[in-house]
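Asks: Please find one structure pasted underneath; my questions will follow.
The values are calculated or read from the model by the stated rules, or taken from the named source; none is laboratory data. A quick note: this is a predicted structure, and the numbers were derived from the prediction, not measured. Backbone-built Cβ (ideal geometry, glycine too); neighbour counts: all protein chains shown. Accessible surface areas use protein heavy atoms only, side chains included; no ligands, DNA or RNA. Shrake-Rupley method; radii C 1.70, N 1.55, O 1.52, S 1.80 Å.
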Amino acid sequence: MLVPVALVGLVLIGAFGGTATFASADEARMDVTESDLHPWPFTVTSGTLRCHEGGKVTFTADRTEYAVNPSAEVEYPRIDPLRRSADSVRQVDIRDAVERGLELCR
């Protein structure tokens, strides 16, 4: 059986919330809102998580794509400007965003 190399326009609703879109074999993305990630780690109310080749996870908001995990920081600016503060010292945990993005890589 032959399997197509690219899946264009396929949209899936995951059990974990958000809408995952697979634009090609090596790029997957998911639109997320405050109700999809717990705790919500960003100062914006929604954006797009994306998995790039090599497990690089990014978050796009306001037309800018930011690195969510260290491997993405080589190509994208750090997510720090969009990180919510938990208190005066700590930022809100971003692990859920990283995990969701890595799920898209599979």
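Asks: Looking at this structure, is GLU103 touching a residue at least 60 places away in the same chain (Cβ under 8 Å) and either part of a helix (DSSP H, G or I) or more than 22 Å from HIS38 (Cβ to Cβ) (or both)?
Replies: In short, yes.
Asks: Suppose we filter the range 39-65 for residues that are in contact with a Cys (Cβ under 8 Å, 6 or more places away or on another chain) and under 11 Å from ALA28 (Cβ atoms); how many remain?
Replies: 2
Asks: Residue check: is ALA20 of a type outside the set (Ser, Thr, Tyr), assigned to a strand (DSSP E or B) and either open to solvent by 50 Å² or more (accessible area, probe 1.4 Å) or at pLDDT below 95 (or both)?
Replies: In short, yes.
Asks: Ok, one more. Please go through the range 63-81 and pick out each residue that is more than 15 Å from ASP96 (Cα to Cα) and not in a loop (DSSP other than H, G, I, E, B).
Replies: THR64, GLU65, TYR66, SER71, ALA72, GLU73, VAL74, ARG78, ASP80, PRO81
Asks: Same structure, new question: I'm trying to understand the selection: among the residues of the range 39-96, which are surrounded by fewer than 17 Cβ atoms within 10 Å (Cβ to Cβ) and of a type in the set (A, V, I, L, M)?
Replies: Hits for the range 39-96 are VAL44, VAL74, ALA86, VAL89.
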